[in-house]
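Shown next, in structure tokens, is the structure this report addresses.
The values are calculated or read from the model by the stated rules, or taken from the named source; none is laboratory data. Keep in mind that what you see is a predicted model, and the values were worked out from it rather than measured. All Cβ positions, even for glycine, are placed from backbone atoms using ideal geometry, and neighbour counts span all protein chains on display.
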Amino acid sequence: MKDWNNIDLRSHEVDSAIIDEYTFDTLLLEIKCNVKEITPETVRAQFNESLKASMHSAREVFESNFKNIVKEAQRQRAQK
């Protein structure tokens, strides 16, 4: 399991996604499993809830690596 709290930005980990892919298939599965009555409103609510959860997770990953991101960006800028 990946340690998201200290990504090595000078390794292959730099290609790691901050936000996981969210596909139509995933949304449809969530609707199937989580939505009791399927209406335009409940489908929109499920999508928004999933999007909110993804954004929260992405923010946590960003904040956990913020110092490293700034440091690496500064290092790359200094090389030019």
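General observations
- Residues in segment 3-55 that are part of a loop (DSSP other than H, G, I, E, B) and farther than 21 Å from residue 67 by Cβ: 20, 21, 22, 23, 35, 36, 37, 38, 39.
- Residue 64 touching an Asp or Glu at 6+ places or on another chain (Cβ under 8 Å) and not in a loop (DSSP other than H, G, I, E, B): no
- Residue in segment 30-48 that is of a type in the set (Phe, Trp, Tyr) and exposed (fewer than 12 other Cβ atoms within 10 Å of the Cβ) present: no
- Test for residue 50: is it out of contact with any Cys (no Cβ under 8 Å at 6 or more places or on another chain), on the phi < 0 side of the Ramachandran plot and modelled with pLDDT under 95: no
- Pair list, Cβ under 7 Å, 6 or more apart: segment 38-62 residue under 11 Å from residue 27 (Cβ atoms), other residue among the charged types (D, E, K, R): 46/30; 50/30
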